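First the structure, in the form of structure tokens, and then the observations on it.
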Amino acid sequence: MSNHIARARTALTTAVTRSCDARDATDADGRAARRAPHTADAPDGHDLIPDDFVATWDEEADREITTVAEALRVAERAPSTTPDTERRRCPDCLSVKIMPRPDSTPAYACGECSATFATPLPAPTDARTRAAHAPETGSLPACPDCEGEPLYPVPSGVSVAARWLCGDCGGRFERAGSRQATLGEVHE
């Protein structure tokens, strides 16, 4: 999720919480406390949301967007700007469509296969550096079942009963064949 969206979500949550708190708060004389109204310089009242946040997401929307809350709804539905190689994965299907479940156990769910799990797999770039069996340089091996590549090297300490996972066919195995042997390119 982009930094702007995270900042907007935090600001909106804080503003709603504080406005609820302000309704219930009273001053020393027993009168209801009042907050300063939002200004054009700080549309969220806290100067956390970028000035062009609403205008930027208004251009992306199919209808006019005029509030931070509307802009945030549009932004949350937009595709991620983080490359897939830097996103965590579902341990069952390797999808990047994982969602936190804050008040549930297990703590995560997959939007692709509906699996639930305690901890997502690390991003492929992190997994490669954390898996002792992954080659340090060069390309990763291909799947011996479907010849898909690259395989996901499962890091040590992760609760997956395999050392390699294939995102193409879902294969799980302990040993990855070399690409040459898999494709019949090894000559005697």
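Summary table below
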quantity	calculated
Leading residue by the ranking (nearest to the chain's Cα centre (by Cα)) among those in the range 94-104 that are part of a loop (DSSP other than H, G, I, E, B) and either over 19 Å from Val160 (Cβ atoms) or small (Gly, Ala, Ser) (or both)	Ser95
Residue check for Asp52: modelled with pLDDT under 85, of a type outside the set (Gly, Ala, Ser) and either over 30 Å from Tyr152 (Cβ atoms) or surrounded by 12 or more Cβ atoms within 10 Å (Cβ to Cβ) (or both)	no
Selection count, the range 156-176, where residues are surrounded by 12 or more Cβ atoms within 10 Å (Cβ to Cβ), more than 14 Å from Pro141 (Cβ to Cβ) and among the small types (Gly, Ala, Ser)	1
Every residue from the range 113-127 that is modelled with pLDDT of 90 or more and in contact with a Leu (Cβ under 9 Å, 6 or more places away or on another chain)	Leu121
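The values are calculated or read from the model by the stated rules, or taken from the named source; none is laboratory data. Values in this document were obtained by computation on a predicted structure and should not be read as measured data. Quick reminder, even Gly has a Cβ in these numbers, built from the backbone with ideal geometry, and neighbours come from all protein chains shown.
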